[in-house]
């Protein structure tokens, strides 16, 4: 794109892009990291050996899937803290506290009790990010994006599950106040391939310094 951006333009040291499956958070995190010269921190779903089995049989595989993600993210947060000396910039496609959204949605009560014991112990070591970008889109848009990207084990995701997940995200971020929060309507824009759409987001990030804001951008033609 034609916009000149330097690392000093990065809105914060640790920026998180969040949202439900299929909304485009990982793709946007990659582009932001490249734009700002930041390190990229990804949740690494492909490294979870239980995830494919979870989509095939959620009841039986939910607990090991969730615990693997929890421990993996805790280790990534420790690595982030160890980088304080050099003050690197990071863009991540996950928020540690969001992990419990999935746990509450998928785990049975005894499993959730055990999960919470571990979660609370790990949470005290986690510092909040400096900014969160929360992407939203309707379920039909999410379903179409999941279909287009063609990841085999995701093709069995149902609209009902995505709706429950999206509702859980809405509830989580309704109460979230640990960092500045930009809520973006991403249903009709392409933040990865459309420079105009992406430029609107960069401008909004540059203007935002605190609080909670809503961004409903007008799609710009290629």
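The values are calculated or read from the model by the stated rules, or taken from the named source; none is laboratory data. Small disclaimer: the values here were computed from a predicted structure and weren't measured. All Cβ positions, even for glycine, are placed from backbone atoms using ideal geometry, and neighbour counts span all protein chains on display.
Pick from the stretch 40-53 the residues that are under 16 Å from the mean Cα position of the chain (by Cα), modelled with pLDDT of 90 or more and surrounded by fewer than 21 Cβ atoms within 10 Å (Cβ to Cβ): which of them is farthest from residue 157 (Cα to Cα)?
Ranking the candidates gives 40 first.
Table: residues versus (1) loosely packed, with under 13 Cβ neighbours inside 10 Å; (2) at pLDDT below 95; (3) over 16 Å from residue 28 (Cα atoms).
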site: 153; (1), (2), (3): no, yes, yes
site: 158; (1), (2), (3): yes, yes, yes
site: 162; (1), (2), (3): no, yes, yes
site: 177; (1), (2), (3): yes, yes, yes
site: 186; (1), (2), (3): no, yes, no
site: 190; (1), (2), (3): no, yes, no
site: 204; (1), (2), (3): no, yes, no
site: 208; (1), (2), (3): no, yes, yes
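Examine the stretch 2-11 for a residue that is at pLDDT below 90, surrounded by 16 or more Cβ atoms within 10 Å (Cβ to Cβ), more than 17 Å from the chain's Cα centre (by Cα) and not in a loop (DSSP other than H, G, I, E, B), and state whether such a residue exists.
No, the stretch 2-11 contains no residue that is at pLDDT below 90, surrounded by 16 or more Cβ atoms within 10 Å (Cβ to Cβ), more than 17 Å from the chain's Cα centre (by Cα) and not in a loop (DSSP other than H, G, I, E, B).
In the stretch 120-151, how many residues are under 22 Å from residue 74 (Cβ atoms) and modelled with pLDDT under 95?
12
Could you check how many residues of the stretch 157-180 are free of Cβ contacts under 8 Å to residues at least 24 places away in the same chain, farther than 22 Å from residue 210 by Cβ and in a helix (DSSP H, G or I)?
Of the residues in the stretch 157-180, 5 are free of Cβ contacts under 8 Å to residues at least 24 places away in the same chain, farther than 22 Å from residue 210 by Cβ and in a helix (DSSP H, G or I).
Confirm whether residue 88 is at pLDDT below 90, within 30 Å of residue 159 (Cα to Cα) and outside any helix (DSSP H, G or I). So that I can check it myself, show each step before the final result.
Working: at pLDDT below 90: yes; within 30 Å of residue 159 (Cα to Cα): no; outside any helix (DSSP H, G or I): yes.
No, not satisfied.
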